[in-house]
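If you scroll down you'll find the structure; I have some questions about it.
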Amino acid sequence: MVAFHFPPLAGSSGIQRTLRFVQHLPANGWEPLVLSADPRAYERTNDDLNREVPASTVVERARAWDAARHLSIGGRYLGWTARPDRWMSWRFDGVRRGLAMVGAHRPALIWSTYPIATAHLIGVALHRRTGLPWVADFRDPMAQDGYPPDPKVWRSFDRIEQLAMRHASLCVFTTPGAARMYRERYPTAADRIVVIENGYDEESFARVDAAAVAAEGPLNAGAVTLLHSGIVYPGERNPVPLFTALGALKASGRIEAAKLKLRFRAAVHDDLLQRLAREHAIEDLIETLPAVGYRDALAEMLRADALLVMQGNDCNEQIPAKIYEYLRARRPILGLADPSGDTAGVLRAAGLDAIAPLESADAIGRLLPAFIDAVRRNEASLPGDAAVEGASRRGRAEALAACFDRLIVRPSRAP
């Protein structure tokens, strides 16, 4: 399993996909071997999840450098050192160590996972050198209209896509929209494209002390706290219309700081959020707080009065991984997303209908007061049990193992 996002990396929900596959695949007949990057390549680290990696799991770390931090002079670095991404240096030692792992452990197949595109370069190199089947876990689309904005990076993404669609035994996406897009883009690979969504880890929720969460009470006594847990991307999750709507609602007296708090946890772009809060005179409504450990983040979701998901209409084929943990938290969810996109589809399938386009301040302004009032009266819709139970990481690992099983001819057992 070639994965850049792996403990002790901190600050990315993407780490959960690989980590939970590593935990749950052994129960389905597959023993993972992990090829990741040296922790020096990570911008931030946290030991919080290290203990959740099974002790029996083989984890190899290949040398890697971040071009922006390790290869720059005066904050500038050569463009080729960051194509397809800033960790392209991982490729060289990654292939070397991957070949050594193949020689030592004789794996049945190779799995590599985006969003660090270099992982797929390692995956295809190992496939070509060993002849082992290769499964390319795309998660989300790579080369899109206008993304990446740098034409040279876009072309490198496009080349990697083509390599995967030509050589991978399976290409895995996390949303129906992304799979549909790639089946249309690469019709000859359509029968090798499958969907395995992200999910939540039940065992992690079970480790959160429910009694302690209940004893701590609400996040802000007397006020409804609407929590956004995770990164706020200025483009794909542009908060400007939301802040515009909040400013107008506050000015008209329809909401007040004593009764509503919008909390951003680990948003990364705190300066942007604070500036927007000042511009719209809603500093008293907004809380920006730093990252916490994974278990603490789950506990905060359970304590929140409601949860906020944001997804722009240029990401209709993508679903924030956090949404599945939101479902498991069984709190009301406000979805600021295109009603025709995959994110809104997940919410509707769970029985949730508080949805407005992220780009429309007017639509948000119409929806938000009614949603907050329903939360305050304990009348807001909650995720349905079937949708929650169907989104577990354990089930996703079973689906991945079934894909692996179809690729491998196992020796038959003696009667």
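The values are calculated or read from the model by the stated rules, or taken from the named source; none is laboratory data. Since the model is a prediction, treat every value here as computed from it, not as a measurement. Glycine also receives a Cβ, built like all others from the backbone with ideal geometry; neighbour counts cover every protein chain displayed.
Taking helices (runs of 4 or more DSSP H) that fall entirely within region 171-277, which contain at least 1 residues that are touching a strand residue (DSSP E or B) at 6+ places or on another chain (Cβ under 9 Å)?
Filter on region 171-277 gives 176-185, 202-207, 240-251.
Would you call Ile282 in a loop (DSSP other than H, G, I, E, B) and either of a type in the set (A, V, I, L, M) or modelled with pLDDT under 95 (or both)?
Here the answer is yes, as Ile282 does meet what is asked.
With the checklist (1) at pLDDT below 95; (2) surrounded by fewer than 16 Cβ atoms within 10 Å (Cβ to Cβ) in hand, flag the one item Arg366 doesn't pass.
(1)
Looking only at region 157-182, count every residue that is of a type in the set (Lys, Arg) and farther than 17 Å from Glu197 by Cα and tell me the total.
2
Taking region 200-225, which residues are under 29 Å from Asp373 (Cβ atoms), surrounded by 14 or more Cβ atoms within 10 Å (Cβ to Cβ) and of a type in the set (Gly, Ala, Ser)?
Of everything in region 200-225, just one residue is under 29 Å from Asp373 (Cβ atoms), surrounded by 14 or more Cβ atoms within 10 Å (Cβ to Cβ) and of a type in the set (Gly, Ala, Ser), namely Ala223.
Go through Ala212, Ala221 for me and flag whichever is modelled with pLDDT under 95, in contact with a helix residue (DSSP H, G or I) (Cβ under 8 Å, 6 or more places away or on another chain) and hydrophobic (A, V, I, L, M, F, W, C).
Among Ala212, Ala221, only Ala212 is modelled with pLDDT under 95, in contact with a helix residue (DSSP H, G or I) (Cβ under 8 Å, 6 or more places away or on another chain) and hydrophobic (A, V, I, L, M, F, W, C).
Let me ask another. Against the definition (among the acidic types (Asp, Glu) and either free of Cβ contacts under 8 Å to residues at least 12 places away in the same chain or not in a helix (DSSP H, G or I) (or both)), how does Asp158 come out, yes or no?
No: the conditions fail for Asp158.
Specify which of the listed residues (Arg91, Arg40, Arg51) is under 19 Å from Arg17 (Cβ atoms) and out of contact with any Gly (no Cβ under 8 Å at 6 or more places or on another chain).
Arg51
Next question, about the same structure. Residues that are in contact with a Cys (Cβ under 6 Å, 6 or more places away or on another chain), among the β-branched types (Val, Ile, Thr) and assigned by TED's automatic domain parsing to the domain that holds Thr174: find the strands (runs of 3 or more DSSP E) completely inside region 1-119 holding 2 or more of those.
So the answer is none; nothing clears 2.
Which of the residues belonging to region 271-284 are touching a helix residue (DSSP H, G or I) at 6+ places or on another chain (Cβ under 6 Å) and buried (at least 18 other Cβ atoms within 10 Å of the Cβ)?
Within region 271-284, Leu276, His280, Ile282 meet the criteria.
Further question: Take the residues in region 138-193 that are aromatic (Phe, Trp, Tyr) and more than 23 Å from Ala321 (Cα to Cα); name whichever of them is surrounded by the most Cβ atoms within 10 Å (Cβ to Cβ).
Here the residue is Trp154.
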